[in-house]
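Chemist: Please find one structure pasted underneath; my questions will follow.
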Amino acid sequence: MIEGKYVNLRALEKEDLELLKKWRNDKRTRTHTREYRLLNMINQREWFETIHKQNPPTMIMFGIENMKRKLIGVCGLTYIDWKNRHAEISQIMSMDKWQRTKEAKNTLELVIDYGFNELNLHRLWVEIYDTITENIKLYEKMKFVKEGTLRDRLWRKSTWHDSFIYSMINGS
Amino acid sequence: MYTKKLELKKIRKEDLTSIIKWRNDSEIMKYNTQYFLLNMEYEEKWYGDIIKKDSKNKMFVFKYGKDIVGVGGLIHLDNQNKNADVAIILGETKIHGKGFGTKALQMLIDYGFFKMKLHRIGADIFEYNKISVKLFEKLGFTKEGVLNDYLWRSGKWWNLYKYSIIN
């Protein structure tokens, strides 16, 4: 258990997958993740099994619990590159407008602390689609630096969208 | 008051829930090399390994009265050289500070030397784990060396101490 002020991070169990599927297939979530398919339990189980096959892992995921011990989201580090010491941050929460909550901010603080201070990563990054201003606000509040704009990175709703790369370097 | 005996018992599958709880406790993780949180998937895989006859890890739970209070054993078994390392977690904090650590470690040393006929038992201790340093030295372990900046934790490099006891 990784303890924070407003949330705790715990290990994900197989029993959580049903809820995770629901969140990932949510209309709002789908506008800001790379996933364009609707996921079923087979996709979820495959994803879960892949995590456990790798050593060292390229993905470390946690369940986010609020102080009432209710699962309110999932987060972690993906695309972990142990040689170049970078990883992407991933986070989905169940509440409406979760990006504005203190739980979301606290989760990010814990993931950043874990990435830098426990895993000794050098760079944490995130790709955000231009359609999702809430995430841009959240990461700018967390002092991530905008590194670039990937033009026409995404085809959604019959039009092209840009995506932004944000990052944080350890110790800067 | 503490008249019941601490016993070494074979691990049963239903013990895994307690073992996960202990191993994911931030106060315990601090002193172990584990760097991510374990779930039932990992634990069942681990259990599948330790119950094999040729497993390199001989693991037990510590039982006190009706309850299991910790997990430990001899790991990284090297039969050729009669070497192994000792690992020990007393998960239930209510039994801390009552001499159970000494008893538990002594039982594992005895098991290693007398049942497994080991020649050497090693232990890796992080420099900030003062309680383990005291405990292992008390039971006759010798500090063999210091691995400098071996460990990255809480944003800093830490040394690792190599300890061993020879039969």
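Chemist: Can you tell me which condition A:ILE132 does not meet? The list is (1) at pLDDT 95 or above; (2) closer than 26 Å to A:ASN66 by Cα; (3) crowded, with 18+ Cβ neighbours inside 10 Å, and all the others hold.
Modeler: So the condition that A:ILE132 fails would be (1).
Chemist: Scan region B:73-87 and tell me whether some residue there is crowded, with 17+ Cβ neighbours inside 10 Å, more than 13 Å from chain A (Cβ to nearest Cβ) and either under 30 Å from A:VAL74 (Cβ atoms) or basic (Lys, Arg) (or both). Don't jump to the end; show me each part of the working.
Modeler: Of region B:73-87, the ones crowded, with 17+ Cβ neighbours inside 10 Å are B:73-74, B:77, B:83-87.
Restricting the remaining residues to those that are more than 13 Å from chain A (Cβ to nearest Cβ) gives B:73-74, B:77, B:83-87.
Those left that are additionally either under 30 Å from A:VAL74 (Cβ atoms) or basic (Lys, Arg) (or both): none.
No.
Chemist: Right, something else. Do you know which residues across region B:86-96 are modelled with pLDDT under 85 and not in a loop (DSSP other than H, G, I, E, B)?
Modeler: B:THR93, B:LYS94, B:ILE95
Chemist: Restricting to region B:97-115, count the residues that are outside any helix (DSSP H, G or I) and either surrounded by 15 or more Cβ atoms within 10 Å (Cβ to Cβ) or of a type in the set (D, E, K, R) (or both). Give the steps one after another, and end with the answer.
Modeler: To start, the set of residues in region B:97-115 that are outside any helix (DSSP H, G or I) comprises B:97-99.
Now narrow it down to the ones that are either surrounded by 15 or more Cβ atoms within 10 Å (Cβ to Cβ) or of a type in the set (D, E, K, R) (or both): B:98.
Result for region B:97-115: 1.
Chemist: Separate question: Since B:LEU6 meets every condition but one in (1) within 26 Å of A:ILE60 (Cβ to Cβ); (2) in contact with a Phe, Trp or Tyr (Cβ under 8 Å, 6 or more places away or on another chain); (3) in contact (Cβ under 8 Å) with a residue 40 or more places away in the chain, which condition does it not meet?
Modeler: All conditions are met except number (1).
Chemist: Scan (1) within 14 Å of another protein chain (Cβ to nearest Cβ); (2) within 15 Å of the chain's Cα centre (by Cα) for the single condition B:TYR150 breaks and write down its number.
Modeler: (2)
Chemist: Count, please, the residues in region A:151-172 that happen to be outside any loop (DSSP other than H, G, I, E, B) and within 25 Å of A:MET93 (Cβ to Cβ).
Modeler: Residues flagged as outside any loop (DSSP other than H, G, I, E, B) and within 25 Å of A:MET93 (Cβ to Cβ) within region A:151-172 amount to 11.
Chemist: Out of region A:79-129, which residues are surrounded by fewer than 15 Cβ atoms within 10 Å (Cβ to Cβ) and farther than 18 Å from A:SER167 by Cβ?
Modeler: A:MET95, A:ASP96, A:LYS97, A:ARG100, A:LYS102
Chemist: Answer with yes or no whether A:HIS86 is under 15 Å from the mean Cα position of the chain (by Cα) and more than 21 Å from A:ALA104 (Cα to Cα).
Modeler: Details: under 15 Å from the mean Cα position of the chain (by Cα): yes; more than 21 Å from A:ALA104 (Cα to Cα): yes.
The answer is yes for A:HIS86.
This table checks each residue for (1) acidic (Asp, Glu); (2) under 21 Å from B:GLU41 (Cα atoms).
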{"site": "A:ASN43", "(1), (2)": "no, yes"}
{"site": "A:TRP47", "(1), (2)": "no, yes"}
{"site": "A:ILE72", "(1), (2)": "no, no"}
{"site": "A:GLU109", "(1), (2)": "yes, no"}
{"site": "A:ASP113", "(1), (2)": "yes, no"}
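The values are calculated or read from the model by the stated rules, or taken from the named source; none is laboratory data. Computed from a prediction, not measured in an experiment: that's the story for all the values here. Please note: Cβ atoms are built from the backbone with ideal geometry, for glycine as well, and neighbour counts cover all protein chains shown.
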